[in-house]
Amino acid sequence: MTYSEEINYFDLMTDWGVAYRENFNADPSPAIKIEIAKIMKKYNVNFSDLALLIEYNNGLNGAVNFLESKNKIPKLKKRATKWSKHYLKCRKCLLTINEHYGGGYCFKCYYLTKEYKVVVDYMAGKTLAEIGREMKLSRERIRQLFERAIKIDLDRIDINMPIEQENEYREEIEESHKFNKAKKQYREIIEKNYDSIVKTLSNKNKVGKLGLLKTLKMPNSVLRLVEEEYPEFLDIIEKNSNKWTLKYEKCRSCGTDTIKHKRWGYCIKCYTKTEEWRNLQKRYIDSHKEEVRGRNRIYQSAYSKRPYVQQKQKTREEIKRFGINRESIYGVYGAKCIDCGITRDEYFQKTQKELSIFHQDGNLKNNDIKNLIPLCKHCVSSVNRKKRIA
């Protein structure tokens, strides 16, 4: 390193000339300038600290010896502490007098920032695009400011807030936005059509809160507006809910008022038993014959394949043939062939059929339980053969 390079290097380090004069009341010579630059670079020490070491150790050589011996450096001047974790001072007023609020703003300045204005306007019902047009910024920039403001508030509440609580906080802001937006958009419509709305609700039978919104042809966000500013609408709904119907106080057929009304003054249970319903079905079938027949064929084919339907049909046929079902006969003789002794399950595994019920006297109309015996197909053939031989 040449003399000129050392001078340039030291000039870039700090305003050493002023500091040297303040500490030693003299201008530094070029030789001292070079020597100080070398020491500052070698021991990684700034000029103010080095000046104190020179003063405490009676000269530059003593300061160098002190740094070489790595003795405890005397207490130096206190450095400036940070105003917050990431900022030395307020980003707006550039002061550290007021307490840090968040995002680099103090308590007084935060309420004058764009972030705060974006959140307030959004909760008041304005969209991000509308706020952007007012502030002459893009919608994406407004969204970034909105997210920054949310993060500042969340960090003030709890920097390690769980995601569930953060979602709840965001939902509250979103709910406030929807309510104020609906308030601004639909209040004038409700006021204009107030009388017709009351008349419509009075003529309705049973309608809930969502049914009320459907009647008003308004979104769900209007419900809070109705609850807070138009409770008379809810009173009309409550009053109507105590009626069975507008025209009937009870069912025309069974006289009940506890079962829900279906149609024409009939409850759900009585509706399908009425003459009106039968006539309605008949008119429909007459006007949709081919469609009804096609549906019935599909249903019957699927219905007959159901296991419980097949079992029910089988039992009905057994009672028709024998007067009693097969299980009663098995209860007397046991579930096996009384000649060869093969059990019901073994025979079914072998042939996929049930044991035959045989009339001993040959009279198929004699269904006395003593005349009916269970036999396998082979034993039935043997008994018939013996009867023919005899």
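The values are calculated or read from the model by the stated rules, or taken from the named source; none is laboratory data. Keep in mind it's a predicted model, so treat the numbers as computed, not measured. Reconstructed Cβ throughout: ideal geometry from the backbone, glycine too, with neighbour counts over all protein chains shown.
Run Val332 past the list (1) hydrophobic (A, V, I, L, M, F, W, C); (2) more than 30 Å from Asn366 (Cα to Cα); (3) in the same structural domain as Lys365 (by TED's automatic domain parsing) and report the number of the one that doesn't hold.
(2)
Does segment 129-180 hold any residues that are of a type in the set (Phe, Trp, Tyr) and exposed (fewer than 12 other Cβ atoms within 10 Å of the Cβ), and which are they? Lay out the reasoning, then the answer.
From segment 129-180, those of a type in the set (Phe, Trp, Tyr) are 146, 169, 179; that's our starting set.
Across segment 129-180, there are no qualifying residues.
If we scan segment 63-85, do we find a residue that is at pLDDT 75 or above, surrounded by 14 or more Cβ atoms within 10 Å (Cβ to Cβ) and part of a loop (DSSP other than H, G, I, E, B)?
yes
Of the conditions (1) surrounded by 15 or more Cβ atoms within 10 Å (Cβ to Cβ); (2) under 22 Å from Asn366 (Cα atoms); (3) hydrophobic (A, V, I, L, M, F, W, C), Ile342 satisfies every one except a single condition; which number is it?
(2)
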